[in-house]
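Just so it is clear, none of the values below were taken in a lab; they were calculated from the coordinates. The structure displayed is predicted, hence computed values, not measured ones. Counting neighbours? That spans all protein chains shown, and the Cβs are built from the backbone with ideal geometry, glycine included.
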């Protein structure tokens, strides 16, 4: 009986704590991440459709140092645009 | 007898720490020696290699903590939060340095040109796969960090959330390992 009572006493604060803990923020954080990954995939496929589309996707990444350039040092290319759009989808 | 036990305990602690430090040092030299390679891109290569290996080591350690989270046993959340923050920062460095070395990969007469001319499948499948999945561990770990800080110690009452954090860590580790091995294969094939 004493044991039963003490279990109940212990479970009360847990139940109260559980009731005030909302799942929303964790779900939002996880889903936004998946949207970012999904954007990465979609933008990659769009960039493969034509040169013009690749240039369009690339243009979103011009803010990243090294996104454009030629020669031995190279550049990140349209991958910078895909990263930017994925970041935007993730953050928004 | 108690003195004997104490000595054994100290010896084990000393050996464990020595083993961990030796393993870390030797593993880091795998990429650290890139700094002395005869190439103009040794800095990018060394930095990306060191951050990738560190991220993998930290990620592997965190999988041990992840199983404790998934099983629901007692865990020191305070320490876990800071280990995860460290791993997230290292993963960000790995992604940023990855972008830096990727520039040379795509550069004139760089590894991409050589691979496409000789073994195109390694670029068309392996690199195309690697460049995307290598971006996954950082945000996965950041979400785990967010959940741990947002819910703070109250998360103990939510087993489903602690399990979610554990799964996020395991996923981050999986993508880290895949990206690391793919990167290593490509670097072996044609160095920058």
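Numbers at a glance
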read-out: The range A:26-92-the range B:44-109 distance, computed between alpha-carbon centres (Å); value: 22 Å
read-out: Rg/Rh (Cα only; Kirkwood hydrodynamic radius) as it applies to chain B; value: 1.07
read-out: Reference-scaled alpha-carbon Rg (2.2 N^0.38 Å with N residues) for the range A:25-91; value: 1.22
read-out: Helix axis angle, B:77-106 relative to chain B longest principal axis, alpha carbon, degrees; value: 0 degrees
read-out: Gaussian network model of chain B, springs between alpha carbon atoms under 10 Å - residue of B:98, B:46, B:86 with greatest fluctuation; value: B:86
read-out: Cβ neighbours within 10 Å from other chains - mean over A:28-35; value: 4
read-out: Mean projection area, nm², convex hull over Cα of the protein assembly as shown; value: 20.5 nm²
read-out: Averaged over A:55-67, number of beta-carbon atoms from partner chains that fall within 10 Å; value: 1
read-out: Helix axis angle, B:137-151 relative to chain B longest principal axis, alpha carbon, degrees; value: 30 degrees
read-out: For the range B:73-164, projected area of the alpha-carbon convex hull averaged over all directions, nm²; value: 7.3 nm²
read-out: Inter-site label distance for residue B:128 and residue B:149 at 7 Å from Cα along Cβ, in nm; value: 3.8 nm
read-out: Of B:140, B:161, B:11, the one that fluctuates the most in a GNM where chain B has Cα springs shorter than 10 Å; value: B:11
